[in-house]
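The values are calculated or read from the model by the stated rules, or taken from the named source; none is laboratory data. All figures in this text were calculated on a predicted structure; none of them were measured in a lab. Reconstructed Cβ throughout: ideal geometry from the backbone, glycine too, with neighbour counts over all protein chains shown.
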Amino acid sequence: MDLPQGEDLGFGVRVNHGSDGQLHVFSPRLKLPWRVSEGLAPGTAVLWGGRPFEVVDRVATRKGERWSLCRWEEPKAMRTVFELERASIRTVAEEEELESRKLRKRAITLLLLPLLGLAPADLQKKWANEWGFPAELATQISAVLELAAGAAGTVQIILMAVGGGLFMPLILALPGPIFLISGIVRLASAAGGGEPIGSFLGVPFCCTDRGVAGKAEERSPTTFEGQKPPSFVRTMLVTAAVTLGPASDQLRWAEELGVRASWLTVAGAAAELVGGVSNFQDDLGSAPAFLLLLDYLLVGEGLLRMASAFTGRPMGSVFGWALRPLYRKHLPHSSSAVIDDPS
């Protein structure tokens, strides 16, 4: 039996000349991309020292694998040719290392699918292209969990409105309707089109990935020259305020974040619904009439804006005009959005 000694090609791969005229290639670590001959189908053609050989056998050993190659018979046609040398072995090693990294990243990703599935669609597609991120599956899993959390929070709010008790913390229950609607829409979209779709909860991902910076560079190479990346706190505050702002502002900010403008409308409308419904219990029968009128306004406008968002059209709130002077200077310039500027 040939011993693993002979010409060293690197990465543990060695070539021996057998007494029977064959070549024996030992590879303790690398999986060589070769095919053994089977029936009328020839094995992989391998060039060694300028001469062609055919892969005829592979044996798994305790220290890796051993390939046997014999001289190539002239009548056979060579379909794939592998030149056995240091450069080709290095290429195989680099490709194997790259694939190993992708597998490790995918393994870690499986544990984070519910979280990563909330990221904007463009970001999920970018991950899918770079390292095989299962974007569609991530969207579906995160949407189901978002829907479940939203249903629980919505039930809790309804119980509070009719005088029931608490079965979950109030701070977790209040955004329940937002999560519920978002989960339903995202799950339906992912099931229908097979494309990933992000959630407004994934907005912070825009602050940690260079995708937002890339979008900015595509718009104009000099627009943001000399400016620092937006801080997480500022982004969240502007996002919260813009959910009530005019539709034109929502379009501009959605373009900056890489999300759908209708998601900002959904978030703001759900907040109005939660605020209006939860206030009814305290205001009904004891509060001044204008407070009840305000509750009706919040609920009515919230329902109207929610319906508009479902048709794909963002819609602002009358309360957003009071907030607009506070966030307007932070909005980016946009060439694609129609800007409603009263000044």
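E54 satisfies every condition listed in (1) surrounded by 12 or more Cβ atoms within 10 Å (Cβ to Cβ); (2) closer than 26 Å to E99 by Cβ; (3) out of contact with any helix residue (DSSP H, G or I) (no Cβ under 9 Å at 6 or more places or on another chain) except (2). Scan region 17-40 and give yes if some residue there is farther than 25 Å from R79 by Cα, touching a His at 6+ places or on another chain (Cβ under 9 Å) and not aliphatic (A, V, I, L, M), otherwise no. Among the residues of region 17-40, at least one is farther than 25 Å from R79 by Cα, touching a His at 6+ places or on another chain (Cβ under 9 Å) and not aliphatic (A, V, I, L, M), which makes the answer yes.
Residues checked against (1) outside the structural domain of N129 (by TED's automatic domain parsing); (2) assigned to a helix (DSSP H, G or I); (3) modelled with pLDDT of 55 or more:
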position: A190; (1), (2), (3): no, yes, yes
position: I197; (1), (2), (3): no, no, yes
position: E217; (1), (2), (3): no, yes, no
position: P221; (1), (2), (3): no, no, no
position: L237; (1), (2), (3): no, yes, yes
position: G245; (1), (2), (3): no, no, yes
position: W253; (1), (2), (3): no, yes, yes
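For region 136-153, the condition of being aliphatic (A, V, I, L, M) and more than 26 Å from L257 (Cβ to Cβ) holds for at least one residue.
Table: residues versus (1) more than 14 Å from V81 (Cα to Cα); (2) in a strand (DSSP E or B); (3) touching a helix residue (DSSP H, G or I) at 6+ places or on another chain (Cβ under 7 Å); (4) modelled with pLDDT under 90.
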{"site": "M1", "(1), (2), (3), (4)": "yes, no, no, yes"}
{"site": "D8", "(1), (2), (3), (4)": "yes, yes, no, no"}
{"site": "R14", "(1), (2), (3), (4)": "yes, yes, no, no"}
{"site": "G21", "(1), (2), (3), (4)": "yes, no, no, yes"}
{"site": "V25", "(1), (2), (3), (4)": "yes, yes, no, no"}
{"site": "L30", "(1), (2), (3), (4)": "yes, no, yes, no"}
{"site": "P33", "(1), (2), (3), (4)": "no, no, yes, no"}
